Amino acid sequence: MKIAFIGLGNMGGCMAQNLLKAGQQVWGYDLSEVALQHFTEGGGIVCSTPQAAAQEADIVITMLPAAKHVRDVYLGEDGVLATLKAGSLCIDCSTIDPQTIKDIAEAGEAKQIVVCDAPVSGGTIGAQAGTLTFMVGASEQTYEATKPVLSLMGKNVVHCGAVGTGQVAKICNNLILGISMTAVAEGMALGVKLGIDPHALAGVINSSSGRCWSSEVCNPWPDICANAPASRDYQDGFATQLMLKDLGLAIEAAGQVKQPVLLGGLVQQLYQQLCLQGHANLDFSSIIQQYLPAQK
Ligand code: NAD
């Protein structure tokens, strides 16, 4: 089986390494020399264009920053749909809007190429450990076809429904995550200002009804969770700019169906402000800085 992997960054790079470790042959492409270097070191075969990687591929996996990159890689001048053989399978794991993947799937269908969405949850830690959750938007038959390869990179492969519904699941989850992280930051900052020890407060929240992933696993207050980005100056986590992108996707999708997302809009503005303050690359739990006195 020939697998092509396009987009070998923080997530894609680790995911491709897990395919290589499982004994698969992987042909890869990325714009970044550093990403390609890591890929070669792990035994990957570097190609000079997306089309070269996809030549004769049975499966193409893409893990790219945003919708415009995904469109480019599938439908652009060097796009892979132009070169893939009929019967091949394309799995886009990027987080993008549901409509883009539906458009690409339609273009693929005309050439008997199957395209589906399988965005992920689990972050770079899950990508490294091979414990990602994949949210697959595909027909039942295509979902079954994705499972063997996705299982080499993750521990859960969930069928969400037709093409595009993987993205729906992903952006709704991250809408909730952005709001819940902000809620925990607001509560922690208030509690500490009112005089409670942050460890005592986190202990109470985590055994009470305020408990959630943001309070228990990724608490935004430093040194509550030893492995959380807040305990290493908000480095190496899920970047604020990516959370801002995902909130934008949820709000845009909500606009298309005229559904209110009141808290989402508010939290989007807070994340926008955090990016403007120069924290775009810090972990999104750094939203707590909006509630603390400015550092001198
Ligand atoms: P990244 O920026 O580290 O990696 C993206 C890679 O794509 C880069 O190496 C870049 O050079 C490459 N690229 C861009 N345009 C390209 C093109 N036209 N052809 C080939 N390569 C191209 O981003 P990431 O953190 O790996 O995230 C990738 C996707 O996964 C995003 O959609 C993100 O929202 C999603 N995601 C990220 C995380 C996370 O924790 N980082 C978690 C879940 C989902």
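Summary of computed values
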item: Tilt relative to the chain, helix 240-256 - C-alpha long axis, 0 to 90 degrees, to 10; result: 80
item: Separation of alpha-carbon centers, the stretch 141-210 and the stretch 1-68, rounded to whole Å; result: 27
item: Cβ-placed point charges (K, R +1; D, E -1), dipole of the stretch 91-181 about Cα centre in debye, nearest 20; result: 280
item: Estimated dipole of the stretch 168-295 in Debye, rounded to 20 [Cβ of Lys and Arg +1, of Asp and Glu -1, Cα centre]; result: 300
item: Shape category assigned to the chain from the gyration tensor of Cα positions, a/c cut at 1.5; result: prolate
item: Carbon + sulfur, % of accessible area of the stretch 168-295 - ligands and nucleic acids excluded, 1.4 Å; result: 59
item: Tilt relative to the chain, helix 165-193 - C-alpha long axis, 0 to 90 degrees, to 10; result: 20
item: Shape call, the stretch 168-295: gyration tensor on alpha carbons, a/c limit 1.5; result: prolate
item: Accessible area expressed per residue, the chain, with surrounding protein chains retained (probe 1.4 Å, Å²); result: 47
item: Selected from Thr124, Ala53, Asn18, residue furthest toward positive end of dipole (the chain; charges at beta carbon); result: Thr124
item: Apportionment of accessible area to carbon and sulfur, the stretch 2-162, percent (1.4 Å); result: 51
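The values are calculated or read from the model by the stated rules, or taken from the named source; none is laboratory data. Quantities reported herein were computed from a predicted structural model and do not represent experimental measurements. In this analysis, Cβ positions are derived from the backbone assuming ideal geometry, glycine residues included, and neighbour counts consider all displayed protein chains. Quick note on the areas: whole protein, heavy atoms, side chains included, nothing else; ligands and nucleic acids left out. Shrake-Rupley method; radii C 1.70, N 1.55, O 1.52, S 1.80 Å.
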